[in-house]
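Structure, as structure tokens:
The values are calculated or read from the model by the stated rules, or taken from the named source; none is laboratory data. In this text the structure is predicted, and so the values were computed from the model without any measurement. Here the Cβ positions follow ideal geometry from the backbone for every residue, glycine too, while neighbour counts run over all protein chains shown. The protein model used for the area step is the full one, side chains on, heavy atoms only, and it has no ligands, DNA or RNA in it. Shrake-Rupley method; radii C 1.70, N 1.55, O 1.52, S 1.80 Å.
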Amino acid sequence: GAVVSQHPSWVICKSGTSVKIECRSLDFQATTMFWYRQFPKQSLMLMATSNEGSKATYEQGVEKDKFLINHASLTLSTLTVTSAHPEDSSFYICSATGLATYNEQFFGPGTRLTVL
Amino acid sequence: AQSVSQHNHHVILSEAASLELGCNYSYGGTVNLFWYVQYPGQHLQLLLKYFSGDPLVKGIKGFEAEFIKSKFSFNLRKPSVQWSDTAEYFCAVNPHHDKIIFGKGTRLHILP
């Protein structure tokens, strides 16, 4: 199956700093990438959908100025958490889909963010 | 609004017991259906999927699921569970041309 990687796998940062998380599709072109957030013992909540070369579409309640998403190439999307606060601590997961995946999303391993 | 409902939040079974996890969705149109598994400390993996055709879908590791359109259900089953099946299971629905919607997950704990 298609492979999606995320970097870093975990990050600890101080409150007020910004953190960038990368999502890469390793063996296929990802025309669409999704960013999810997973709180402990809860389901994945879609934050935003990004299509290559276009602005991301954010879900209701997600601050676009706080969670900056860039999908500049067919294999890379980035999520930047700006001015992070402890309540932003969570597990962030990306997924990707493209023509080669026939409408199936492939998930990255996730990035655990802890804001002190 | 579209939603996915998983009936059981936490299931505890002994090894060799049979498993059925319920999943219902609310969407009137054509959908793609998925079951994902998340083992402790690992990322989401696809167990099985239904796009069209035979409503009884076979997945990996002995899992299967049946799509019953009239009941808007896609229940996951396994005749005999193993300790290694301990994980969290997510049902997901992907209405065509729309985003994927996840259920809240069912935490399965298998007693050795």
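The condition of being at pLDDT below 95 and of a type outside the set (Phe, Trp, Tyr) does not hold for B:PRO79. Set side by side, the residues B:LYS104, B:LYS61 differ, and just one is on the phi > 0 side of the Ramachandran plot and not aliphatic (A, V, I, L, M), which is B:LYS61. Could you go through segment B:93-104 and let me know if any residue there is in a strand (DSSP E or B) and of a type in the set (Phe, Trp, Tyr). Scanning segment B:93-104, I find at least one residue that is in a strand (DSSP E or B) and of a type in the set (Phe, Trp, Tyr), so the answer is yes. Given the structure, is B:PHE102 hydrophobic (A, V, I, L, M, F, W, C), open to solvent by less than 10 Å² (accessible area, probe 1.4 Å) and at pLDDT 90 or above? Spelling it out, it is not the case that B:PHE102 is hydrophobic (A, V, I, L, M, F, W, C), open to solvent by less than 10 Å² (accessible area, probe 1.4 Å) and at pLDDT 90 or above. Scanning segment B:39-81 for residues that are outside any loop (DSSP other than H, G, I, E, B), away from chain A (no Cβ under 14 Å) and of a type in the set (S, T, N, Q) yields a count of 3.
Per the conditions (1) closer than 25 Å to B:ALA87 by Cα; (2) open to solvent by less than 20 Å² (accessible area, probe 1.4 Å); (3) among the hydrophobic types (A, V, I, L, M, F, W, C); (4) outside any strand (DSSP E or B), the sole criterion not satisfied by A:ALA2 is (2). Sort out which residues of segment A:107-116 are open to solvent by less than 40 Å² (accessible area, probe 1.4 Å) and facing chain B (nearest Cβ under 8 Å), and write them in order of number. Of everything in segment A:107-116, those that are open to solvent by less than 40 Å² (accessible area, probe 1.4 Å) and facing chain B (nearest Cβ under 8 Å) turn out to be A:PHE107, A:GLY108, A:GLY110. Does segment A:17-27 contain any residue that is farther than 27 Å from B:ARG107 by Cα, at pLDDT below 95 and hydrophobic (A, V, I, L, M, F, W, C)? Yes, segment A:17-27 has at least one match.
Please indicate, with yes or no, whether at least one residue in segment B:52-60 is surrounded by fewer than 13 Cβ atoms within 10 Å (Cβ to Cβ) and among the acidic types (Asp, Glu). Yes, some residue in segment B:52-60 is surrounded by fewer than 13 Cβ atoms within 10 Å (Cβ to Cβ) and among the acidic types (Asp, Glu).
Annotation: of all residues in segment A:100-114 being out of contact with any His (no Cβ under 6 Å at 6 or more places or on another chain) and among the hydrophobic types (A, V, I, L, M, F, W, C), the one that is farthest from B:ALA92 (Cα to Cα) is A:LEU113.
In this structure, is B:GLY41 under 14 Å from the mean Cα position of the chain (by Cα), within 20 Å of B:ILE12 (Cα to Cα), free of Cβ contacts under 8 Å to residues at least 40 places away in the same chain and open to solvent by 40 Å² or more (accessible area, probe 1.4 Å)? Judged against the criteria, B:GLY41 is not a match. Restricting attention to segment B:1-37, the residues that are open to solvent by 10 Å² or more (accessible area, probe 1.4 Å) and either under 14 Å from B:LYS104 (Cα atoms) or not in a strand (DSSP E or B) (or both) add up to 21.
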